[in-house]
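Here is the structure we will look at.
The values are calculated or read from the model by the stated rules, or taken from the named source; none is laboratory data. Values in this document were obtained by computation on a predicted structure and should not be read as measured data. Cβ placement follows ideal geometry from the backbone for every residue including glycine, while neighbour counts extend to all protein chains displayed.
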Amino acid sequence: MRKNLKIFLFALLLFFSFAFLTNAYAAGFFSLPVSSSTPISAYFDLNPASGYIRDWTGWTGRNWIYGHAYDGHKETDYDGQEGNPIYTANKYPDFARTVYTYNYNGNTYPNGPVIYGTHIIISHDNTTYKTVYAHLKYNSILTWVGNSYNYSFQCAQMGNTGYSSGDHLHFEVRSNDTPICPYYNGLMP
């Protein structure tokens, strides 16, 4: 009788563990780095081999159309205002660690070097994933190299530093240091 009870309890534990993990990752491995009402201003270019800047209809010949991708765009841009909160994109039980921060005061658009400006890189342990949060507000970083956590929290504020044409978050997901589209790969809700 005691052995059957142990088997039953073990099976119950497995069931609830599976149910928890399935629910935790049901809507993707990562959570949104911005509030759910924040619109996407530019998508990841899934077809960089096309070689034509209009392949994703983001370019009219005179300006960019909001909410489209353009050639070579290897990240997702979220629109907003300077100071809007930026959150780490990890979900429990993902264990993450800040591996790089850089504070840059200035904007280089349109003639300067193409740089991230103020930015953070987070490594997601036990995976090949890293997330990059760029063009952040100067002096707004709220985490530090070596900081470890297993929950999402505000790590910075939206800004317009580096090679940026306006306030937004440049959010990049890398797998083995290669940018990938988190929506196409089912990693985002």
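General observations
Here is a yes/no grid of residues against (1) of a type outside the set (S, T, N, Q); (2) surrounded by fewer than 18 Cβ atoms within 10 Å (Cβ to Cβ); (3) in contact (Cβ under 8 Å) with a residue 12 or more places away in the chain; (4) closer than 13 Å to P33 by Cβ:
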residue: Y102; (1), (2), (3), (4): yes, yes, yes, no
residue: P110; (1), (2), (3), (4): yes, yes, yes, no
residue: T118; (1), (2), (3), (4): no, no, yes, no
residue: T131; (1), (2), (3), (4): no, no, yes, yes
residue: N147; (1), (2), (3), (4): no, yes, yes, no
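- The condition (being of a type in the set (S, T, Y) and under 21 Å from T178 (Cβ atoms)) is satisfied by just one residue among T131, T108, T118: T131.
- Tallying residues that are at negative phi and buried (at least 19 other Cβ atoms within 10 Å of the Cβ) within the range 157-166 yields 6.
- In this structure, I86 qualifies as within 12 Å of H170 (Cα to Cα) and either crowded, with 16+ Cβ neighbours inside 10 Å or among the aromatic types (F, W, Y) (or both).
- Selection status of F16, farther than 27 Å from N160 by Cα, aromatic (F, W, Y), at pLDDT below 80 and surrounded by fewer than 16 Cβ atoms within 10 Å (Cβ to Cβ): yes
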